[in-house]
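The values are calculated or read from the model by the stated rules, or taken from the named source; none is laboratory data. Computed from a predicted structure; not experimentally measured. No Cβ is skipped: glycine too gets one built from the backbone with ideal geometry, and neighbour counts run over all protein chains shown. Surface accessibility is based on the protein's heavy atoms, side chains included, excluding ligands, DNA and RNA. Shrake-Rupley method; radii C 1.70, N 1.55, O 1.52, S 1.80 Å.
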Amino acid sequence: MKFISYPYETNDKPAVATIGFFDGVHRGHLFLIEQVKRLAREQGRTSLLVTFDSHPRQVMRKDYQPRLLSTLAEKRGWLEASGADLCALLHFTDELSRLTAREFMEQVLHDGLGVKTLVIGYDHRFGHGRSEGFDEYVRYGLEIGIQVVRAEACRVAQVNVSSSVTRAFLLEGEVEMAARCLGRFYELTGRVVPGFRVGRELGFPTANLQVTDGLKLVPGRGVYAVWVYGACGRPLKGMLNIGRRPTMDNGDALSVEVHLLHFTGDLYDKELRVEFVRRLRDEKKFRNSAELMRQLRADAAQVELLLAHNG
C-alpha cells in the first residue's frame, strides 16, 4: 500500500474508494475494504481508502477528547495490512470541516483523489453538519461523475460491528466481545513508571503503566488476564488491574498495573504492550492484605489456566 498526504499529494488514477476514520480498523472496516477491493478488481481501478490524521470532532470541538481504539501509527499499520492499493491521509482542518457533502465529493474525492466509485459504509455520514445521507450522496454522485454504492454491514454475534459498539464493550469490560469485533485482542501500550510498591510486599510485584497515548481508550475497571510484550523476547502471562486500588485507599486516582507471571527483573522505564484476553472479576475492597493475597493467588491460577488455551 502507498500512503499519500492530501492536499499535498493527489491521485490521478481512477479509483474505487471508501471514506472513514477507521478507528480500530475492526472487522466491519475490513469487510468494507474487501468490498472496495473487489469492485476495484472488477472495474480495473485502484482501491483507495480515504481517512484522517486526527478525529474530525477534535477540530470542530476544541474541548473534545475522543476515546480512541487505535493510535495513528496502529491504524496505519492495520490499514496497510488490509491489502488496498492506496490510502489518502487527509489533514483535517477548519476549512475542510466547512465543506458540504457535495463540495467534499467534488473537490476532494473526484477532483483531488480520482474517485469514480464511492462505497459508503452502512452507517457513515460526512460533510458539514453530517445532515445528508445515502440518497443525497447518490444524487450528488450522478451530478459529479461518481457512482455511489452502499456497503453491506458486518455482523458478529447478532451485532453490526462498529467502532462505537466496540468502545461500549470495552468500557463495560467485555474485552472478549471487543476482540470478536476487532478480530484481535484489544491492546494498550504504556511505559512503566514508579508506583506504590505495595504489590512487591504482597509477593505480587506490579508494573505501573502510564498509557503512552492519552486519547487511547482504557477498558472498564476490573481485573484482566492479559498477554504482555516488551519485558523480554517472548510474550508473558499477566494479570492486570484497572482501578483505584480501594484496599490501599488510593483515592480517586485511576491506575493500570500489571503483574507478570514467572518474571523477575527490572521493568522501570520499559515500554510494555498488553493484550486483553478476558475480564476475571470486578475490582473490590478487601478487609485486609491477607484476604487480598488469597484473591491474588486465585487470580494468578485462573490466568495460568486461561492463557494456556489462548496462546
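If you go through segment 144-155 one residue at a time, do you hit one that is in contact with a Ser or Thr (Cβ under 6 Å, 6 or more places away or on another chain) and of a type in the set (A, V, I, L, M)?
no
Within 15 Å of the chain's Cα centre (by Cα) and either buried (at least 20 other Cβ atoms within 10 Å of the Cβ) or free of Cβ contacts under 8 Å to residues at least 60 places away in the same chain (or both): does that describe VAL165?
For VAL165, the condition - within 15 Å of the chain's Cα centre (by Cα) and either buried (at least 20 other Cβ atoms within 10 Å of the Cβ) or free of Cβ contacts under 8 Å to residues at least 60 places away in the same chain (or both) - is met.
So in segment 51-66, with the set limited to residues that are outside any loop (DSSP other than H, G, I, E, B) and more than 17 Å from the chain's Cα centre (by Cα), which one is farthest from TYR6 (Cα to Cα)?
This residue is MET60.
Just need a number here: residues in segment 6-31 that are surrounded by 24 or more Cβ atoms within 10 Å (Cβ to Cβ) and in a helix (DSSP H, G or I).
Of the residues in segment 6-31, 2 are surrounded by 24 or more Cβ atoms within 10 Å (Cβ to Cβ) and in a helix (DSSP H, G or I).
Among the residues that make up segment 13-28, is at least one of them under 29 Å from MET177 (Cβ atoms) and without any contact (Cβ under 8 Å) to a residue 40 or more places away in the chain?
Within segment 13-28, none of the residues are under 29 Å from MET177 (Cβ atoms) and without any contact (Cβ under 8 Å) to a residue 40 or more places away in the chain.
Mind checking which residues of segment 67-81 are outside any strand (DSSP E or B) and closer than 19 Å to VAL218 by Cα?
Listed by number, the residues that qualify are ARG67, LEU69, SER70, THR71, LEU72, ALA73, GLU74, LYS75.
Does ALA153 count as more than 28 Å from ARG61 (Cα to Cα), in a loop (DSSP other than H, G, I, E, B) and open to solvent by 10 Å² or more (accessible area, probe 1.4 Å)?
Yes; evaluated as a whole, the condition is true for this residue.
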